[in-house]
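Written out below as structure tokens is the structure these notes cover.
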Amino acid sequence: MCGIIGYVGKRQAADVVLSGLKLLEYRGYDSCGMASIVPNKNAISVRKLPLKVAELEKLLKKKPLLGQIAIGHVRWATHGAPNQVNAHPHCDFNGEISVVHNGIIENYQQLKKDLVKQGVRFKSSTDTEIIPYLVAKYHKDKTLLDAVKETVGVLEGSFAICVMSNKEPDTIVGARKNSPLVVGIGKEENFLASDIPAFLKYTKDVLYLNDEELVAITKDSVSLYDFSGKKIDRKSSLVKWDHEQAQKKGFSHFMLKEINEQPDILENMLIHRLKNNQVGFEEMTIKDDFFREVENITIVACGTAFHAGLVGKYIIESTCGINVNVAYSSELRYSRFIPKKNTVLIAISQSGETADTLAAVKEIRKEGVKVLSICNVLGSSLARDSDGVIYTHAGPEISVASTKAYTAQIAILVLFMFYLSQIKNIGLKPNKETLLKKLLEIPQLQRDILKNQKGILSLAKRHSHFGSFLYLGRNVNYPSALEGALKLKEISYIPAEGYAAGEMKHGPIALIDEYRAVVCIATRSFVYDKMISNIQEINARKAKIIMVANETSETLKSFTKEIICVPATEEIFSPLLVALPLQILAYGIAVKRGCDVDQPRNLAKSVTVE
Ligand code: AGP
């Protein structure tokens, strides 16, 4: 997955594109580059290198790019190694066209063969490099917009592109198919980017492109078309995020900032979604009558979103008695989906751009199943591919490791449980008022946990030398164990496995010895005693135990001194609390080990390719 940006307007374009690339770097950072059209000469000039944006900034200081129109790119390599020649932008041989691209052109080999037959000599091993040659070919007798329109007509797969031509030095043409692209509308300037934070400090006025749409921007105009060339009139909208919000707010990493944002996000969500003890989703376009008939739910997601879905399963099944299946998107998209009667599909995705989840939704919609998505990015592809969407409004999640989006997804699933119980007149135990009162306490309980983050961070540092971790949980906190393990492994690169505690005796206990750290989630629950007996088995094998519990009783202290206390709450809401210490634990260990917490190796914030 990559990040692209284009700028045309009153400022020095290189400055704007560089600042945008810094805010897109979470999308990919194995190489980056920029191209501008040099004023008066109408020549395209390029600077690119297989390094991070900070190195590009140094290069630009030595060899500035002039001009008021430029495009830029940060890369997460899919085709071709991360090296100089494969970095974007890519140009045609004569340097008339320059392109940046996010996505995968699935039919590029055939198109490349055809171009080679026509005498083209490619420099890179990327799929992208065919695009400037195709545009140049059509541009001979067409405008840049029409040349790009012809080009995207022959491309298959996923792409968001920005294209410049030295023959039209005041225009950038963008196009999108299965990859995100948004327009930022300014005064005597306009922007194109993969994601809103890239231009947020310049404008909050955003126009979303749908799949298979083109846009031509100049400093004073934005013109939108579909791939057939038909003009589209669409209103722009003002985003609520400010530029500051997308920054770190004084925290050393985006991840720590985002961990600390969780109470406010949940509090705002409850304020806006709960009125007189009634749950409302103002953006919901699926009718209550449909949900009234729902008997089966399938949740589809990847990674952390999958873990949130698993928490949702326990919550909805235990309260509403509705059958919930949870599947990995990458598995479900290639499995035979047999829709049961009155099934709704819930697709969960922070970015709304995860290729596997988009593909699974597309496949299952063919079966006539209605799709409700839970997304964090307004106007994302998944939001547009669904029959209904509920936004988590967690604000931009910049750190690759998902934290605030995870608890926001769980909170939406809790509210959705109340929503279903309202529509279906399901009696809840304890009753709805009691449950809602407990739910409204959660943001403050999260704040109480965060007050102790320094203590958790020092515990983390004391355990950062362990070579592997096992995370154990039961029932609604079994997914908490999976998520805790994912957090640790993805940012500290330490092997970590989440397991249902009851599964210990079926294999994992063979791993337990004094060299292993075991994180046990032992909050009060109807399976608490079972969890304690698992901890006894671990303790007998001398493993290092870290516990997340509601108290530091003598029993628990007999197993370990390393107890992280979280306040007690309704069992089904406890994952909203347990998540925080496990996030901070992973963060502290990764920082101690000197890892790149916000941009871990090999990862990208949104996996927009298979
Ligand atoms: C989470 O920390 C990971 N970065 C990753 O597992 C992520 O949750 C997964 O790729 C799904 O992303 P999405 O929510 O944007 O679809």
Dipole magnitude of segment 1-157, debye to nearest 20 (Cβ charges: Lys/Arg +1, Asp/Glu -1, about Cα centre): 560
Rounded to the nearest 20 debye, dipole of the chain from Cβ charges on Lys, Arg, Asp, Glu: 1060
Ordering of 338-347, 191-200 by packing [mean C-beta count within 10 Å, highest first]: 191-200, 338-347
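May I ask for the equivalent-ellipsoid semi-axes of segment 135-250, computed as the square root of five times each C-alpha gyration tensor eigenvalue and listed largest first in whole Å?
In descending order, the three semi-axes are 26, 15, 13 Å.
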Convex hull volume per residue in cubic angstrom - Cα atoms of the chain: 155
Folded to 0 to 90 degrees: helix 262-273 orientation relative to the chain principal axis, Cα: 90
3J(HN,Hα) from dihedral phi, segment 56-72, Karplus parametrisation 6.51/-1.76/1.60, rounded to Hz, x for glycine, proline: 4, 4, 5, 4, 5, 5, 7, 10, x, 9, 9, x, 10, 9, 7, 10, x
Residue-by-residue Karplus 3J(HN,Hα) for segment 592-598, coefficients 6.51, -1.76, 1.60, Hz, glycine and proline x: 4, 8, x, 7, 7, 4, 7
Karplus-derived 3J(HN,Hα), 6.51/-1.76/1.60, for each residue of segment 40-47, Hz, glycine and proline x: 6, 8, 6, 9, 8, 10, 10, 10
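To one decimal place, what Kirkwood hydrodynamic radius in Å is obtained for segment 230-326 from all pairs of distinct Cα atoms?
Averaging 1/r across every pair of different Cα atoms and inverting gives 17.4 Å.
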Rounded to 10°, Cα long-axis angle of helix 303-320 versus longest principal axis of the chain: 50
Selection from Ser36, Leu115, Pro64 lying farthest towards where the dipole of segment 1-134 points positive, charges on Cβ: Pro64
Segment 336-388 - convex hull of the alpha-carbon atoms, volume per residue in Å³: 64
Dipole in debye (nearest 20) - segment 159-265, about Cα centre, beta carbon charges: Lys, Arg +1; Asp, Glu -1: 20
Sites Glu282 and Asn323 - FRET efficiency at Förster radius 25 Å, r taken between beta-carbons, to 0.05: 0.35
Angle in degrees between helix 108-117 and the longest Cα principal axis of the chain, rounded to the nearest 10: 20
Gap separating the Cα centres of segment 527-557 and segment 36-109, nearest whole Å: 55
Ranked packing of 7-13, 375-381, 533-539, most packed first, by mean Cβ within 10 Å: 375-381, 7-13, 533-539
Added length on full extension, which subtracts the Cα-Cα distance from 0.36 nm per residue, Asn452 to Lys230: 74.2 nm
Chain lengthening between Lys275 and Lys140 when straightened (0.36 nm per residue, less Cα-Cα): 42.6 nm
Gyration tensor verdict on segment 1-111 (Cα atoms; rounded if a/c is under 1.5, prolate if a/b is larger than b/c, oblate otherwise): oblate
Amide proton proximity set for Arg516, modelled H, under 5 Å, gap of 5+: Lys544
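Could the peptides 485-497, 24-36 be put in order, highest first, of the mean number of other beta-carbon atoms found within 10 Å of their residues?
Packing proxy ranking, top to bottom: 24-36, 485-497.
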Cβ-based net charge around Glu514, under 12 Å, with every Lys or Arg adding one and every Asp or Glu removing one: +3
Relative pair counts by distance (%), Cα atoms of segment 437-488, 5 Å bins: 5, 15, 15, 21, 27, 11, 4, 2, 0
Kirkwood Rh, angstrom, segment 401-516 [1 / mean 1/r, Cα pairs]: 16.9
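Quick note: the coordinates plus some simple rules give every number you see, no bench work behind them. This is a predicted model, so every value here is computed, not measured. Glycine also receives a Cβ, built like all others from the backbone with ideal geometry; neighbour counts cover every protein chain displayed.
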